[in-house]
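Every number here is computed from the coordinates shown, using simple stated rules; none is lab data. Please read all numbers here as calculations on a predicted model, not as lab measurements. FYI the Cβ positions are ideal-geometry reconstructions off the backbone, even for glycines, and counts take in every protein chain you see.
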Amino acid sequence: MNRPLRVAHLFPELLNLYADRGNLAVLRARAVVRGIDLEVVPIRLGEPLNLAELDMVLLGGGSDKEQMQVASMLPQYQSDLHYAVEAGMPMLAVCGGYQLLGDYYETLGGDLVKGLRLVEMYTKAEPGTRLVGNIAIECSSIPGVVRQTVVGFENHQGRTYHPYLPLGKVLSGYGNNGRDGLEGLHHLGVIGTYIHGPLLPKNPHLADYLLTKARAFRGVQEPLVELDDTLEWRAHEHVLQMLGISKTTPAETSQPSESLA
Amino acid sequence: MSFRALLAVWMSKFVTIGLKIMGRGATSLPGVIAQRVYLLLPDRLLRQIDTCVIVTGTNGKTTTTELLYAMLHSDDEPWLVNRGGANLIQGILATLLQKTNWRGRLTVKRVLLEVDEATMRLVLPSIRPQVLVLTNVLRDQLDRYGEIDQTIMLLRNAAWGADTTLVTNADDPLCVAISSINQKPVFFGYAPMESTDETSVVDLVSGNQVRDGAFCEKCGALLSYERYFYGQMGIYACPECSFKRPELSFAGRVLDAGTAASQLCVNEYAATQDWRPSEDREFLVPNPLKGLYNAYNLLAATSAARTLGVSPSRIAEASKRFIQPLGRMQVFPGHPERILSLIKNPTGADSVLSTVAQDAREKMVCFVINDNFADGRDVSWLWDVDLEVFVENSPSTRYVCAGTRAADMALRLAYAGVDRLDIKIVDDTEALLLVGNEEALPVYVLSTYTALHPLVSLLTHAQPKEFRGKAVSAS
């Protein structure tokens with residue numbers, strides 16, 4: 001068991017649209033500073049996935065064309081990844097990668113692009129505006145984190161629907177489909193989300209959650225040492241501020257006003 | 001011209017006069033107001049142009065446009081141009097209005113326009129350019145255009161049409177993919193010498209950088225590169241099909257890079273399919289700019305000017321007199337010396353940083369990162385910049401972050417390996433000048449678009465009197 005913690009980065013040559021390398025840099029740096037050896041294993045499209053050697057999987061976003069190219073090769077990975085999910089391996093899927101987790105993606109023209117079918121979920125490109133902008137969610141699905149908010153940027157035409165727990169409730173922005181006020185997906189070890197920016201730098205609690213999960217998957221249960229995240233939270237707070245969300249929870253802010261005009 | 005259009009023209013003229021009285025310079029406000037009055041005004045004015053040249057692409061538009069303007073414009077043959085990167089429809093309209101008389105007639109018939117990729121869609125129904133210059137296609141501001149495939153589609157539309165000559169970059173596979181729709185593409189490209197004592201290839205970069213065009217646009221196979229220049233630019237071929245870097249009409253290489261005597265050596269090949277020079281010509285153009293990315297801009301402008309029939313001697317003369325646009329490695333002499341440069345996407349930022357790294361002095365680097373619409377709302381591109389390489393090669397550099405996204409930039413630097421104690425965040429841009437710098441270290445200020453013009457005036461006013469006016473400025 002004396003090998004480094006290994007994160008598979010799936011198809012980096014195609015799915016690298018929204019600075020996913022930022023997510024990897026953050027995972028690596030936050031592991032190394034705690035004396036945990038972490039190795040990123042790039043898996044190019046077509047190369048085999050050696051599950052026994054892995055502790056976490058990261059699936060990023062690509063443009064439509066690249067996503068279709070990936071989709072055509074997905075069947076060979078399906079059973080392996082399905083097994084990994086059931087076994088509780090943590091997996092982070094962002095933007096296009098998130099869409100690929102589901103049954104299919106329906107394009108504007110009505111074509112179906114088949115996904116990994118790891119979860120029962122579908123995405124539809126619906127006519128109307130692209131869902132673009134800064135986003136903040138209240139993340140209730142992750143126990144024991146220091147903060148409840150997750151912030152970042154979203155940019156997608158597809159609207160996603162699924163019956164699982166979301167990653168969080170939208171405080172500002174669009175989320176999965178701009179309708180039901182929910183963002184992302186959290187099922188077993190899988191976190192799917194439209195939030196990039198990249199996701200992990202400004203959300204260190206999420207980064208540490210994933211690291212903890214990956215270690216637990218390896219059988220290491222020690223909690224992680226706390227880090228000085230002043231800069232991280234400053235950037236995080238800044239997005240909340242831009243979106244007009246106060247630091248306090250909604251319950252605390254809804255006090256009745258005393259001024260009677 | 002309809003009465004409403006005339007009214008719109010008059011409104012803009014009154015606003016311009018009003019702004020002048022108030023001591024405000026040229027802005028896009030007259031254009032904005034005129035279009036409020038008459039939405040179709042840009043169309044009515046664009047249709048009056050006789051000769052139109054458009055410069056578009058991701059990076060290098062403003063510098064290429066300024067260079068080409070210097071080569072084309074003369075008192076006998078006046079050209080109108082939109083300057084300072086005002087490349088959205090309001091900026092273009094404001095430019096045209098400057099040369100529109102009270103009767104609504106455009107008084108200059110030759111127009112050179114820098115047009116933002118997404119704005120092409122609004123310009124093309126009104127006018128097809130005689131020459132379209134496409135500098136490069138890189139990942140930029142994806143939130144504005146959707147994704148890069150969409151940009152390619154927009155540009156293909158622009159390059160279509162029998163009357164348009166496309167002048168574009170052979171070293172960029174995405175430009176070449178777009179060019180297939182054009183009937184008479186003219187290709188320029190970089191031509192390093194084969195010899196090993198090659199000094200002209202300035203930056204052959206690390207394999208880390210984002211390369212958008214690394215796949216064959218025809219068959220999807222991974223392109224194989226014989227040489228990389230920067231970004232996805234290089235000498236490439238598809239191992240699966242016939243797609244490869246096309247033959248060049250204009251091949252350029254930089255002599256004496258980085259020195260005052262630097263020149264671009266251009267080999268021009270007669271418009272044949274033959275690589276071998278038939279009626280070829282070689283000429284030298286003074287290269288007033290730093291960096292390989294700027295050599296591409298000079299080569300693009302030179303190729304376009306030659307395509308339009310400008311003589312090599314006039315091109316050389318224009319380049320010699322050329323004054324760099326604001327905020328492109330613009331030096332503000334003083335104590336300390338400050339150097340301002342625009343950064344707006346990963347490839348551009350990488351090029352600027354590699355030029356900064358060539359300055360071996362101990363220095364301060366300030367990042368001013370805004371996320372207004374014109375900057376791109378999404379700042380995730382900061383994570384695609386190769387800061388790790390820069391940080392590693394530039395020890396004992398101090399960093400300052402400002403702008404609406406200062407905190408994001410600071411975080412990016414921290415994860416690139418900068419000690420958190422060496423990163424300072426300041427609340428507003430003015431405070432950049434107050435950061436302790438007793439040793440008067442040179443200060444590089446790298447800024448996104450909307451902070452650039454305020455910084456030019458800020459840095460100019462910060463100069464001691466004896467240095468004023470010595471800054472390179474395009475007025």
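Counted over region B:45-97 with a bin width of 5 Å, the fraction of Cα pairs per bin, in whole percents, is 4, 17, 29, 29, 17, 4, 0. Remark: mean inter-chain Cβ contacts per residue of B:408-415 equal 6, using a 10 Å Cβ-Cβ cutoff to other protein chain atoms.
The tail of the calculated P(r) for region A:5-254, taken as Cα-Cα distances beyond 35 Å, holds 10 percent of the pairs.
Between A:VAL220 and A:LEU51, what is the FRET efficiency for a Förster distance of 22 Å, r being their Cβ-Cβ separation, to the nearest 0.05? Taking R0 as 22 Å, the efficiency between A:VAL220 and A:LEU51 is 0.75. Since only B:SER303, B:VAL379, B:ALA360 are under comparison, the one whose Cα sits farthest along the positive direction of the charge dipole of region B:297-391, derived from C-beta charges on Lys, Arg, Asp and Glu, is B:SER303.
So for the protein assembly as shown, what percent of the C-alpha to C-alpha distances run longer than 51 Å? Summing the P(r) tail past 51 Å for the protein assembly as shown gives 14 percent.
On a straight-distance basis, which lysines could pair with B:LYS20 in a cross-link, Cα separation under 20 angstrom, same-chain partners fewer than 8 positions away excluded? Reachable lysines: B:LYS99.
Figure the gain on full extension for B:ALA261 and B:LEU40 (residue separation times 0.36 nm, minus the Cα-Cα span) and round it to one decimal in nm.
Numbers: separation 221, 0.36 × 221 = 79.56 nm, distance 4.82 nm.
Result for the pair: 74.7 nm of gain on full extension.
For peptide A:151-158, compute the average count of partner chain beta-carbon atoms within 10 Å of each residue's beta-carbon.
Numbers: counts 0, 2, 6, 2, 8, 1, 2, 0.
For peptide A:151-158, the averaged partner shielding equals 3.
Per residue of B:148-160, how many C-beta atoms from partner chains lie within 10 Å of its own C-beta, taken as a mean? Write out the running numbers ahead of the final one.
Working: counts 5, 4, 2, 0, 2, 0, 0, 0, 0, 0, 0, 0, 0.
Neighbouring Cβ atoms belonging to other protein chains average 1 per residue here.
For Cα pairs less than 8 Å apart in space and 6+ apart in sequence, what is the mean separation divided by the residue count of chain B, i.e. the relative contact order in percent? Intermediate results must be reported in sequence, preceding the final value.
Values: 935 pairs, mean separation 59.2, N = 475.
Here the relative contact order equals 12 percent.
Summary value for chain A: 18 percent relative contact order, contacts being C-alpha pairs under 8 angstrom separated by 6+ residues.
Compute the FRET efficiency between B:ASN157 and B:GLU240 as 1/(1 + (r/R0)^6), taking r as their Cβ-Cβ distance and R0 = 25 Å, and round to the nearest 0.05. Don't jump to the answer; show the numbers that get you there.
Numbers: r = 27 Å, r/R0 = 1.10.
For R0 = 25 Å, the calculated efficiency reads 0.35.
Report, in debye and to the nearest 20, how large the dipole of the protein assembly as shown comes out about its Cα centre when Lys and Arg carry +1 and Asp and Glu carry -1 on their Cβ.
In debye, rounded to 20, the protein assembly as shown gives about 2440.
Ordered by the number of other Cβ atoms lying within 10 Å of each residue's own Cβ, fewest first, B:HIS461, A:HIS186, A:HIS156, A:HIS82 fall into the sequence B:HIS461, A:HIS82, A:HIS186, A:HIS156. Considering helices alone, the calculated mean residue ellipticity of chain B at 222 nm is -9500 deg cm²/dmol, with DSSP H runs of length four and up weighted by -39500 (n - 2.57) and normalised per residue. Amide H contacts under 5 Å for A:GLY189: A:GLY88, restricted to partners 5 or more places along the chain or on a different chain, H placed in the peptide plane at 1.01 Å from N.
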